[in-house]
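Working notes, beginning with the structure itself.
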Amino acid sequence: MTVGARFALGTFALGDDAAPCLVLEERGYDLRPLFGPDVSVRGILDDWDLRFPELQRLADEGCPGSASLLLADLRPLPPLQPIGQIFQAAANYRQHVLDLITSAAARGDASDGLPDDRARERARELLDARVAEGRPFVFLGSAHAVVGASDDITLPADSDQPDWELELAAVIGRSGRRVTVDDALDLVAGYMICNDVTSRDALARWDVGAIGIDWLAGKNSPSFLPMGPLLVPAAHVGDPQDLRIHLTVNGKTMQDESTADMLFDVAKLVAYVSTVAEVRPGDVVLTGSPAGNGAARGVFLHSGDEMEGTITGLGTQRNRCVAEGDQGAGPSAAANDKSRV
């Protein structure tokens, strides 16, 4: 339920500085004149219960005492600096899982982590049982992969299948250990957009057998995790299971799904993570990607491609893809490549 004027938080490049800002509509207000030169969005999260009411009051009053900055003139940085732990949910959207299984079988590869058609059929059958009796699958990501919402995405030279995965991210504002599902959302300070870019052809390795998926190689290349531009307090987001995730590549819609298709909702994910680890302010829980990935279509990212991603009320990401070692390059010449969007 909305508690006052709707606002967000963000971190933006301002000269040589990183300016933490309170965002009202299309304008940002530098928080340093109000909270001191050392204030940061991460520091605000570390004291969320005290800071949120103060920020809400400032938003209600139009943030007096700080100059108004037009967001269109600012480069968004990752909202959280430094970021805490990054917990990433895998295979958490029903249709996404089904699409990955079908497309991997059609290509004859193991990018879905399953070795053969028999295993794939078993995986389909287990979906409902997993929701009823199973647990989420969550792995850790690298903070070194994080970039801003308008930064370039560098495509690794040793991958032929870089793919997009736009996701809702829950940002933790209170510490918790072994919290219940009913209490889990009380730990969430807010939400933001993440694109969990993935090298599909690096995930499944022939040399490790039952060890399974190589999450390090598939998920953590530099720039593979654009975040932001905004961190919107949970009080101003509403139901996290009623948001629309939309991503285009070169203007063509690829993902357009509801967060309602999650197998394990945000509360269940946060509660589960807290049974394994202690969650702390500044941690981020990525909730998985819905259907519409490149792997399902047999198309992948190339140098020159541009992604634009939105989630209801959380702003917009715009990222250009560049080849490794070729930052600043123009569009790819591979115009006739059938694997190209």
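The values are calculated or read from the model by the stated rules, or taken from the named source; none is laboratory data. Because the structure is predicted, anything quoted here is derived from the model rather than measured. All Cβ positions, glycine included, derive from the backbone under ideal geometry; neighbour counts span all protein chains shown. Heads up: the accessible areas ignore ligands, DNA and RNA and are worked out on the full protein's heavy atoms, side chains in. Shrake-Rupley method; radii C 1.70, N 1.55, O 1.52, S 1.80 Å.
Within region 35-50, the residues that satisfy the criterion of being open to solvent by less than 60 Å² (accessible area, probe 1.4 Å) and either without any contact (Cβ under 8 Å) to a residue 60 or more places away in the chain or on the phi > 0 side of the Ramachandran plot (or both) are PHE35, GLY36, VAL39, SER40, GLY43, ILE44. Each residue in region 191-205 was checked for being surrounded by fewer than 24 Cβ atoms within 10 Å (Cβ to Cβ) and among the small types (Gly, Ala, Ser), and 2 of them qualify. Here is the figure for region 207-237: residues that are at pLDDT 95 or above and over 17 Å from the mean Cα position of the chain (by Cα) total 2.
Here LEU55 meets the list (1) under 17 Å from ALA169 (Cβ atoms); (2) open to solvent by less than 20 Å² (accessible area, probe 1.4 Å); (3) at pLDDT 95 or above almost entirely, failing just condition (1). The helices (runs of 4 or more DSSP H) falling completely within region 30-72 include none with 1 or more residues that are farther than 24 Å from ALA234 by Cβ and of a type in the set (A, V, I, L, M). When region 159-182 is limited to residues that are among the charged types (D, E, K, R) and under 20 Å from the mean Cα position of the chain (by Cα), the one that is farthest from ASP196 (Cα to Cα) turns out to be ARG174. Sub-7 Å Cβ pairs linking a first residue in region 51-66 that is under 23 Å from PRO281 (Cβ atoms) and of a type in the set (S, T, N, Q) to a second residue that is at pLDDT below 95 and open to solvent by 60 Å² or more (accessible area, probe 1.4 Å), at least 6 apart or interchain, are GLN56/VAL3, ordered by first then second residue.
Number of residues in region 69-107 that are surrounded by 13 or more Cβ atoms within 10 Å (Cβ to Cβ) and either of a type in the set (A, V, I, L, M, F, W, C) or at pLDDT below 95 (or both): the value is 27.
Check every one of the helices (runs of 4 or more DSSP H) wholly within region 129-235 and list those with 1 or more residues that are touching a helix residue (DSSP H, G or I) at 6+ places or on another chain (Cβ under 9 Å), of a type in the set (Phe, Trp, Tyr) and touching a residue at least 40 places away in the same chain (Cβ under 8 Å).
Details: elements: 181-184, 200-203, 215-219.
Once the helices (runs of 4 or more DSSP H) in region 129-235 are filtered for at least 1 residues that are touching a helix residue (DSSP H, G or I) at 6+ places or on another chain (Cβ under 9 Å), of a type in the set (Phe, Trp, Tyr) and touching a residue at least 40 places away in the same chain (Cβ under 8 Å), what remains is 215-219.
The set of residues from region 86-99 being in contact with a Leu (Cβ under 7 Å, 6 or more places away or on another chain) and in a loop (DSSP other than H, G, I, E, B) comprises just one member, ASN92. Does region 237-268 hold any residues that are within 16 Å of THR312 (Cβ to Cβ) and in contact with a Pro (Cβ under 7 Å, 6 or more places away or on another chain), and which are they? Within region 237-268, ILE245, GLN255, GLU257, THR259, ASP261, VAL266 qualify.
Screening the candidates ALA184, ALA169 for the property of being of a type in the set (Gly, Ala, Ser), touching a Leu at 6+ places or on another chain (Cβ under 7 Å) and crowded, with 23+ Cβ neighbours inside 10 Å yields one hit, ALA169. For region 1-25, filtering for residues that are open to solvent by 10 Å² or more (accessible area, probe 1.4 Å), assigned to a strand (DSSP E or B) and of a type in the set (Gly, Ala, Ser) leaves 2. All of VAL249, VAL284, VAL299 fail the test of being out of contact with any Ser or Thr (no Cβ under 7 Å at 6 or more places or on another chain) and within 28 Å of ASP160 (Cβ to Cβ), apart from VAL249.
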